[in-house]
Amino acid sequence: MVHFFKKKSGRALSLARMFLKPRYVLVITLVLAAFFVLERVVERKLHEQLPDAVDYIRKTSGLHCQVQGLTYSFPTGVRALNVHVSDDKGRQWLKASHITANVSLFRYLMKREIGQHLIRSIDARDLEVTLYHKNTGGWEFPALRRSPATPASSAESGASPLDLNVHNLAVTFQTEKGTTSRSYRKVNARIALKKGLDSLEIAGDDEHLNLMVDRESGEFDFHADSFGLAILAPLLGDAVPLNDICINARARGSTEKGKGMTFSVSGSIDHVRQKKSFFPPLEKNVNILGFNVTGTKDDARIVIQNGKITLGGEFIFVNGWFSPEANPEITLVFSLPEFSLGNALRAVPKSFHPDLTDLKVTGRVAGKFYFSIDMERPRSLEYRFEGTYEPIKIVSLGSKIKVNALQSPFRHTVRTPEGEKITFLVGEDNPHYVPFKDVPPCLISAVITAEDAGFFSHKGFSQRGIRDSFAENLEAGRIVRGASTISMQLAKNLFLTRERTFSRKFEETFITMALEQNLSKERIMEIYLNIIEWGDGIYGIGQAAHFFFSKVPRELKPVESAFLASIIARTGDNWEPDPLSTISEGWRKYMHVILCKMYERGGAGIEDLREAGVPEGRIRELIEDEEQDESAPSPLE
C-alpha cells in the first residue's frame, strides 16, 4: 500500500515538474493573457452595442429599458446588469439584478445570421415581474412588433427550443381588485418558439409544480404538490380567500393518431393550517375537496366520464361534455347519492365564513341535477333537479349572529362609507319607527315591484332572479346585475360589511336562510323598511316619508311610494325634498314601469296612474289585458 502511494505521488511530481518548465509556463501565461484581452475586447464591443440593444427593445415592444451595463459571461454568454423595463406611463414591468443570454456559436456558424435564433438559454436572477389588468379588456401585455429596421431572418423563424431559468422570481399582479404578489425560488421552462411550451417547473419553499409535454406523441404530465392557489387572487381580488388554500394534483394525457386524446385528473384542494407549538408553527394540510375524473377529447367535444368530487366525506358524481371553444356549449349531470349538506359544510374552511363562528346545518339531497348552457347564448341556460331532498335547516350560526333577537326591539348600527357609526333603535320607542300594520299597501307593492317581486312566495332566494342575473352577467362579461332578494339585503344590512367578496356572499346565504326560518315575512319586511337607507343620513321609511314629502308613511300616495321604491338602489344621488317636481324624464319613465306593475298587483289604481302621468295608451293596454283575463274561460268549466 505504501509503495502504491509513493508511486502515485511520484507521477504527480513528475507532471508538475514538466508543466513548470519555462516553455509551458510561458504558453499558459499567453493563453490566460489572450483570454483576458479577449474578454476586454468583447466587453468594449458589448458596451458599444448597448444603445442599439436598448433601442431594439424600444422599437419591438414599446417599452423603455435601462441597463447598467453588458458584460461577457464565460464561455458564450452576454450578461445584462441591473435591468429595469418600464412603459410610457412609468410603470415597471420587469426588474432583475442580471439577465444572461447564452448563445450558440454552432447556430451562428451554420446560418451566418445574427438574430434571436442564436439564443440558446436565458438565465435570470432576482427577477421581479409586474402584470397589469385593465378594467375592461383583460390583462395588458407589451404589443410586440417587428421594427422595419430589423426584418425577420430565415434563421429567426427556426424552431430551436429556448431554455428559461430564473432564480428568485417575484410576480406582482395589479388589478382593479387589488395587488397580489407571489415569490418562487426557481422557475425553469423549455419553450419551443413555434410549438409552445415543452416543460415548466415552478418551485417555492413548500410548493412545486411540474408540466411536461411531448409534442410528438401528444402525451402530457402535470404534477402539483402543495401549490398555492393564491396566484389566482388577481382574477378574484379578495372575493375568494385563497391565501391558505393549495392544490395537490396529477393530470396525465395521451393522444393516439386518429383517436383523439384520453386524459385523467385526480387530486385535492387543501387548507393549510398552522399548528401551534413551542417551535415555529408547523403547517398541516387539511383536505377540503377531492376530485377524480377521466375523459376524452377530440375536435368536437371534451367528454367527462366517471367524475367524482368528494366534500366532507360526501360524494358527487359528474358526467357530461363541453365543446373546446372560447364560448363553449356545456352539458353536465351531477348525481348525488344521499348527500349530507351538514357533513359537506364542515369541510369548508372557517376563512370562508369568519363571522359564522359555529355554522351548523342539517339537510340531505339525493338525485340528479341537470345543467346545460351555450355560452354564446347565455339565456339558453337550463337546469332541473330530479330526486328527493330534506330542506336545509340552520342549527347554528355562532355567537356573533343572533337572528332570534330580531323578534324583539333591537339596536342597529350603521357604518357610513366615511367610517362613521350611527346607532338607532328598531322598535316602537323610536318615534320614526313604523310597524308593519301602519305601512300602506301601496308602499309594500312598490317595494316588492322594484326590489323583489316574489318576496311573499319564495323562501329567501329567487330562482328566476338568479337565472336572469347569471345570463345578463355572462352576456356583459362582468357583474351588471345581482340577484339579491329583500331577505338577502336584510341579512347584509344587519350583519355584514359592504365588501363584495365570496365570504360575504357565502355568509349572506346562510343568514338569509336563518331569517326566513325564524321570522315571518311581515317581520322581515317591517325590519327592512325601518333600517334601509333612503338618502344621506335618512334611515327607515319614517324619516324618508317626512324628508321627501312631509308626511307619515300611511299618508303616502302610490306615485310617492313608487318614487321611494325607485331610489332604494340609488340613495347616493342626493335627492331633495319634493322630488317629483324635479326628476328627469328617464327617471319618470322608470317610475311609470313600477306603477304599471303595481296596478297589476292591485297596489295602484287607474287614477293613480293618470296622476303620475302614465301615457293613456299604456293605461288602455292595462285595462284591455285585465278585461281579457276576466273574460277568459275557467279550466274547470
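The values are calculated or read from the model by the stated rules, or taken from the named source; none is laboratory data. Just so you know, these numbers come straight off a predicted model, no measurement behind them. Cβ atoms come from the backbone with ideal geometry, glycine included; neighbour counts cover every protein chain shown. Surface accessibility is based on the protein's heavy atoms, side chains included, excluding ligands, DNA and RNA. Shrake-Rupley method; radii C 1.70, N 1.55, O 1.52, S 1.80 Å.
Per-structure values
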| item | result |
| --- | --- |
| Cα-derived Rg over Rh, computed across the stretch 322-400 with Rh taken as Kirkwood radius | 1.12 |
| By average C-beta atoms within 10 angstrom, highest first, the peptides 522-534, 301-313, 411-423 | 522-534, 301-313, 411-423 |
| Cα-centre dipole for the stretch 362-405 with unit charges at Cβ (Lys and Arg positive, Asp and Glu negative), debye to 20 | 320 |
| Listed residues A544, W575, T509: farthest to the positive end of the dipole of the stretch 478-613 (Cβ charges) | T509 |
| Per residue, in Å², the accessible surface of the stretch 334-469 once ligands and nucleic acids are set aside, probe 1.4 Å | 57 |
| Stokes-Einstein D (µm²/s) once Rh is taken as the Kirkwood radius of the stretch 369-494 over alpha-carbon pairs, at 37 °C in 0.692 mPa s | 179 |
| Accessible-area value, F322, 1.4 Å probe, nucleic acids and ligands omitted, Å² | 60 |
| Cα gyration tensor, the stretch 370-420 - rounded (a/c under 1.5), prolate or oblate | oblate |
| Magnitude of the charge dipole, the stretch 180-221, Cβ model with Lys/Arg +1 and Asp/Glu -1, debye to 20 | 320 |
| Rounded accessible area per residue of the stretch 522-635, 1.4 Å, Å² | 51 |
| Rounded Å value of the spacing that divides the Cα centres of the stretch 427-478 and the stretch 548-568 | 16 |
| Under the Debye formula (equal points on every Cα, no solvent term), log10 I(q)/I(0) of the stretch 418-564 at q = 0.18 Å⁻¹ | -1.17 |
| Heavy-atom accessible surface of the stretch 363-493: percent carbon and sulfur, 1.4 Å | 50 |
| Set K360/K521; K89/K186; K257/K297; K350/K521; K402/K492 screened for pairs whose C-alpha atoms are more than 19 Å apart | K360/K521; K89/K186; K350/K521 |
